[in-house]
1. Identify, by number, the condition in (1) without any contact (Cβ under 8 Å) to a residue 60 or more places away in the chain; (2) in contact with a strand residue (DSSP E or B) (Cβ under 9 Å, 6 or more places away or on another chain); (3) of a type in the set (S, T, N, Q) that residue 111 doesn't meet.
2. So which strands (runs of 3 or more DSSP E) stay within region 117-218 end to end and still have 3 or more residues that are within 28 Å of residue 16 (Cα to Cα)?
3. Find all pairs meeting these conditions: Cβ atoms under 6 angstrom apart; at least six residues apart or on different chains; first residue within region 173-193 and touching a residue at least 24 places away in the same chain (Cβ under 8 Å); second residue assigned to a loop (DSSP other than H, G, I, E, B).
4. With the requirement that a residue be surrounded by fewer than 21 Cβ atoms within 10 Å (Cβ to Cβ) and polar (S, T, N, Q), what does region 1-43 give you?
5. Restricting attention to region 173-197, which residues are under 17 Å from residue 110 (Cα atoms) and polar (S, T, N, Q)?
6. Go through region 81-134 and report how many residues are of a type in the set (A, V, I, L, M), closer than 27 Å to residue 151 by Cα and buried (at least 19 other Cβ atoms within 10 Å of the Cβ).
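Since every read-out is calculated from the coordinates, none of them should be taken as a lab result. As the structure is a computational prediction, the values presented were derived from the model and not from experiment. A quick note on method: Cβ atoms are made from the backbone with ideal geometry, for glycine too, and the neighbour counts reach across all protein chains shown.
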Amino acid sequence: MKTAADFVDALSEITLDNTFNPYRDNCPVHDVPEAAKRRRTNLQRCLEACLEGEADTIWVARDLGYRGGRRTGVPLTDEAHLNDASCLFAGAPLVRATIGAPVAERTATITWGQLRVIGKPVMLWNVFPLHPHAPGDAMTNRCHKKSERVATWPFMLALLDLLKPRKLVAIGRDAGMALADLSTDVSVVRHPSYGGQAEFIAGIREIYDLAPATAATTEATLPFAEFA
């Protein structure tokens with residue numbers, strides 16, 4: 001996998017039980033007919049922008065979520081923040097792959113609040129790059145299994161080889177544990193969900209040597225109501 005296109009093409013070939021591969025699969029309820037193709041293009045454009053912009057950091061969470069990366073193809077990014085992602089990734093045109101009202105995700109909202117402040121190219125990724133869901137219920141999130149991580153871990157290593165980052169930022173303890181044995185420097189911050197928002201923001205600001213956040217900036221407001 002020498003290029004961004006090679007990486008995305010290889011990722012689109014993966015199939016695992018009780019997972020949704022947004023770069024291969026189309027949701028019969030929420031997706032446009034060419035949704036998987038659009039998401040592949042979104043991811044490839046982000047990767048190419050990071051390569052051209054010499055992004056030296058990757059933020060890594062645990063799994064793709066059904067409100068975020070499953071729909072957009074961009075990790076840690078919901079439809080409400082595709083325009084923000086386009087700006088961060090050197091103006092790369094990123095497009096929706098779904099029908100109906102756009103869906104916002106709280107984790108993406110908090111994450112992009114900090115990315116806007118930093119204003120530097122950052123690659124976004126997940127330890128498990130697909131969306132794992134409960135059996136028979138595609139619109140749920142679950143933690144990936146060890147066997148699923150093993151099956152897709154070559155993509156984490158390939159991404160490191162492709163981008164050669166100076167630093168990884170693990171979002172959440174699970175991501176931190178998964179990345180602990182890598183030779184790349186890893187900083188772990190609290191995951192912003194379940195009451196961890198203020199600690200996440202404080203951790204990111206410490207890593208980037210930013211002034212501590214005020215009370216107003218630690219309260220994330222969704223850009224619109226979340227839709228089921």
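1. (1)
2. 123-128, 167-171
3. Within 6 Å, the pairs are 191/172.
4. 3, 12, 15, 18, 21, 26, 41
5. 193, 197
6. So the count comes out to 7.
Rundown of residues vs (1) more than 18 Å from residue 30 (Cα to Cα); (2) of a type in the set (Lys, Arg), yes/no style:
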{"site": "78", "(1), (2)": "no, no"}
{"site": "90", "(1), (2)": "yes, no"}
{"site": "93", "(1), (2)": "yes, no"}
{"site": "106", "(1), (2)": "yes, yes"}
{"site": "112", "(1), (2)": "yes, no"}
{"site": "116", "(1), (2)": "yes, yes"}
{"site": "123", "(1), (2)": "yes, no"}
